[in-house]
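Let me begin by presenting the structure, written as C-alpha cells, before commenting on it.
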Amino acid sequence: MASDNGNTDREIILADFQACTGIDNIAEAIALLELNNWDLVAAINVVIPQENGILQSNLPSEASESGSLFRPLAPMPPSVSTSTSTSTSPPSPPCPVRAARHALEHPRQPRMLSFRVEYRQRSVEVVLDEASTVGEIKQVLETELQIPASKLQLKGWKTGDMSDSTVLSSLHLPKNNSLYVLTPDIAPSASTSEARTSEEALSQNFVLVVNHQETGRDYSLNFPGDRTIQEVKRNISDVTNIPVRHQQWEGWPVTATDDQMTLASSGISYPCHRLRVSRRSPTPTSAPVAQVAQAAQAEQVSDIHMASDSEGDDFEDASEFGVDEAEIFGMGISGSRKSPMIPDDAENEDEALLHFTSEFKSRYGDLHPVFFIGSLESALQDAFYGKARDRKLLSIYLHHDESVLANVFCSQMLCAESVVSYLSQNFVTWAWDVTKEANKSRLLTMCTRHFGSMVTQAIRTQKTDNFPLFLIIMGKRASNEVLNVIQGNTTVDELMMRLMGAMEIFTAQQQEDIKDEAEREAREMVKREQDEAYRLSLEADRRKREAQEKEEAELSRLEQVRREQEQEREAIRMSLEQALPPEPEEEDDQPISKLRIRTPSGDFLERRFLASCRLQVLFDFVASKGYPCDEFKVITTYPRRNITDLDPSWTLLDAKLFPQETLFLEAKE
C-alpha cells in the first residue's frame with residue numbers, strides 16, 4: 001500500500017508540475033523532477049526563471065506592458081483543489097499556485113551564457129540567458145553579419161548540430177562557449193578575398209579538422225595560409241592511406257574550385273574548418289597495363305616535390321588495377337625509389353649522420369633542424385657536460401621510412417619554422433634511422449649503454465606506425481633522464497607545447513645547477529685564494545729564511561775574518577813583543593830614555609829605552625800593545641810632532657826623546 005501511495009503522490013506532483021510549467025512532454029517533466037528529488041517548488045524554480053513569470057494574471061500590469069515574454073499557465077487540473085478536505089487521506093502536495101507565487105517572491109537570477117562566434121575574419125560576442133534558443137543566436141548573428149539566418153550553419157556544438165528550436169538550457173552548456181559559422185552557399189566578397197590573400201592572411205595558421213569516414217577518426221592538422229589545397233590532400237594521403245585521386249571530400253567551400261589555390265584564398269573558415277574525406281569507390285576498367293603505367297607516371301611527375309608520397313599512390317593505384325608494380329616499373333616498392341636515410345654500410349656514426357642530413361635535406365628542403373654530426377656519446381657530451389649555463393636538452397629523432405606518419409611529421413612538424421628555431425636555440429638534436437634492422441640494432445646498443453635497458457625496451461616494442469619518435473632527454477648528475485617520448489601522430493602546437501614543457505623542467509634544473517656550480521666555483525675560488533696565500537706565505541718565509549741564513553753566513557764570515565785578523569794581529573803583536581830588546585834597568589850605565597805614552601782610551605804605557613835605541617823599537621813596542629803604526633800616530637805634546645813621520649832608523653836621542661818624554665797615540669784618519 002505504501003508503494004501505491006508513493007506512486008499516487010508522484011502522479012499528483014507530475015500533474016501539478018506540468019500544469020505550472022506548461023511542459024507537455026512527460027519524459028522531460030519526469031527527468032526535471034528526478035533532478036530535484038521530486039521537490040515541486042525546486043523543479044518549478046529551475047524551469048521558470050525570474051523574467052519569464054509564472055502567473056500572468058498575478059503580475060503587475062507594467063510587467064505585461066514591458067514586452068517580457070511570459071509562459072501562460074495551463075488550466076488547473078481537477079486533482080488540485082483549493083478547498084479543505086476532512087478525509088483521512090495523506091495531505092496533498094503544495095498548491096502549484098502557491099509554489100508559483102513562492103517562486104516569484106524568491107526569484108532566481110537568470111543564468112547567462114556567453115558565446116564567442118568566429119566567422120572568417122570576424123569574431124562576434126553573443127550573450128543570452130539559457131532560456132533562449134539556438135535560433136535566437138542566429139538572429140543576433142544575422143544583425144551583426146548581415147547574413148540571413150537561414151544561410152547560417154552554427155557549428156561547434158559538442159553533441160552535434162542543433163535545430164533552431166533547441167533551448168540552450170537543455171544542452172547543459174558551460175558559461176563560456178566557442179562556436180563558428182559556416183556559409184557554404186555564400187562566396188567570400190572581393191574585399192574579404194583580397195584581405196585573406198594578403199601577406200598577413202597567408203601567414204596565418206588554419207586548423208583543418210578532417211574526419212576520416214571509414215575509421216571515424218578526426219585529424220586536427222595545422223597549415224599556414226600559403227599552403228595549397230593539393231598539398232593538404234597529399235598530406236591527408238599520408239595519414240589516411242587514401243591516394244589523392246581516390247579522395248572524396250565534403251566541406252570545401254564552393255569557391256575552392258582549383259587544387260592550386262591557397263588555403264587563405266579558398267574561402268575556408270578561420271581559424272578552424274571541418275572537412276570529411278572518404279575513399280571513392282574505384283570504377284571497373286579494362287585499361288591495359290601500359291595505360292595504367294602511363295597514368296601513374298603522369299601523376300608522379302605532377303607530384304614531383306612530394307615524390308615519396310605520390311609514388312606510393314602510384315603503386316597503390318596500380319595494385320587496385322590488379323597489375324604488379326614490378327611489371328610496370330621494373331622494380332618492387334622498396335626498389336631505388338629513395339635512398340635510405342642511413343645506409344647499412346656506414347662505417348661510423350659521423351658518416352651515417354652526414355648521409356642522414358643530406359638525405360633529409362633532399363627530401364624536405366633546406367629548413368630543417370640542425371642535426372648533430374657525431375656519435376651519440378659526443379652529442380651527450382656536447383649537451384650535458386659543459387658549464388651549467390651552456391648546457392642544453394638533447395633531442396633524439398628516430399626516423400622510420402615505412403611509417404605512414406614519417407612524411408607528415410617531417411614536413412609539417414619537424415620542419416616548421418617555429419620548431420626549427422626552438423630546437424636550434426635550446427636543444428642538441430641527434431638523429432637516427434631505424435628502418436633497417438642493422439641500424440636499429442646499433443641504436444639499441446647505444447641506448448642500452450647510455451640510457452639503460454628500460455629506454456631500449458620501450459624503443460624496441462614501438463610499432464612501425466608509432467614512428468617517427470622524438471625523445472627529449474635531460475642530463476642528471478647520476479644518470480640521463482628521458483623526459484618525453486613524442487610519437488608521430490601529433491600536431492605542431494602539441495609538439496611545441498611538449499618541447500616547452502620539457503624546457504620548463506630543464507630550466508628549473510639548470511638554475512639549480514648554475515647555483516650549485518656558482519657555489520662550487522666560489523668554494524674553489526676561496527680554496528685557490530687560500531692556497532695562493534699559503535704559497536705566498538711559504539715563499540715569503542723561504543725568502544726570509546734565506547735572507548736570514550745569508551745574513552748569518554755573512555756575519556759568520558765577517559766574524560771569521562775578524563777572528564783571523566785578530567789572530568794575525570795577535571801573532572804579529574806577540575812576535576813584536578818577543579822581538580823587543582829587554583827593558584834596561586834604571587841604574588844602567590848607558591843613557592836611558594824614559595817614555596810615557598797615553599793611549600786613546602786614556603791609559604798610559606810606560607817603558608824605559610836605551611837612548612841609543614832606534615825609533616823602530618818604540619814603534620814595535622807601541623804595536624805590541626795593540627796600536628800598530630799603520631793605524632795610529634805617535635805625537636809629542638810640545639812642540640807637537642808626528643814621530644811616525646821620522647826615519648825609523650833614528651835613535652831616541654836623535655829624535656830628542658831623551659832623557660824623558662810624554663807622548664800620546666792618535667788614530668790615523
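Okay, here's what the table says:
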| item | result |
| --- | --- |
| Gain on full stretching of the segment that runs from Arg280 to Gln487 - 0.36 nm per residue minus C-alpha separation | 71.6 nm |
| Estimated FRET transfer efficiency when R0 is 56 angstrom, pair Ser123-Val526 (beta carbons, to 0.05) | 0.35 |
| Gain upon complete extension [Val561, Glu494; 0.36 nm per residue less C-alpha separation] | 14.5 nm |
| Protection proxy ranking, peptides 632-638, 24-30, 204-210, average beta carbon neighbours within 10 Å, highest first | 204-210, 632-638, 24-30 |
| HN-Hα J in Hz across the range 516-529 - Karplus 6.51, -1.76, 1.60, θ = phi - 60°, x for Gly and Pro | 4, 5, 5, 5, 5, 5, 5, 5, 5, 5, 4, 5, 5, 5 |
| Long pairs among Lys151/Lys233; Lys392/Lys476; Lys440/Lys463; Lys361/Lys387; Lys594/Lys633, criterion Cα-Cα beyond 23 Å | Lys151/Lys233; Lys361/Lys387 |
| For Leu113, residues with placed amide H under 5 Å, excluding near neighbours | Leu128, Asp129, Glu130 |
| Distance in nm between pseudo-label sites at Ser441 and Glu587 (7 Å out along the Cβ direction from Cα) | 13.9 nm |
| FRET efficiency estimate (nearest 0.05) - Cβ-Cβ, Glu666 to Leu580, R0 22 angstrom | 0.50 |
| Highest-first arrangement of 561-570, 133-142, 216-225, where packing means the average Cβ count within 10 Å | 133-142, 216-225, 561-570 |
| Shape of the range 360-452, Cα gyration tensor, a/c cut at 1.5 | oblate |
| Accessible surface, the range 485-637, averaged per residue in Å² (probe 1.4 Å) | 67 Å² |
| Accessible area expressed per residue, the range 379-466, with surrounding protein chains retained (probe 1.4 Å, Å²) | 42 Å² |
| Calculated from backbone phi, Karplus (6.51, -1.76, 1.60) coupling profile of the range 654-665 in Hz, x at Gly/Pro | 5, 7, 6, 10, 9, x, 8, 7, 10, 10, 9, 9 |
| For Leu663, distant residues with modelled amide H under 5 Å away | Arg596, Ile597, Arg598 |
| Derived scalar couplings ³J(HN,Hα) [the range 166-181; Karplus, 6.51 cos²θ - 1.76 cosθ + 1.60; whole Hz; x for Gly, Pro] | 5, 7, 5, 5, 6, 8, 6, 7, x, 5, 10, 9, 10, 10, 9, 10 |
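The values are calculated or read from the model by the stated rules, or taken from the named source; none is laboratory data. The structure displayed is predicted, hence computed values, not measured ones. Methodologically, a virtual Cβ is constructed for each residue, glycine included, from the backbone with ideal geometry; neighbour enumeration extends over all protein chains shown. The accessibility values were calculated without ligands, DNA or RNA, using every heavy atom of the protein model including side chains. Shrake-Rupley method; radii C 1.70, N 1.55, O 1.52, S 1.80 Å.
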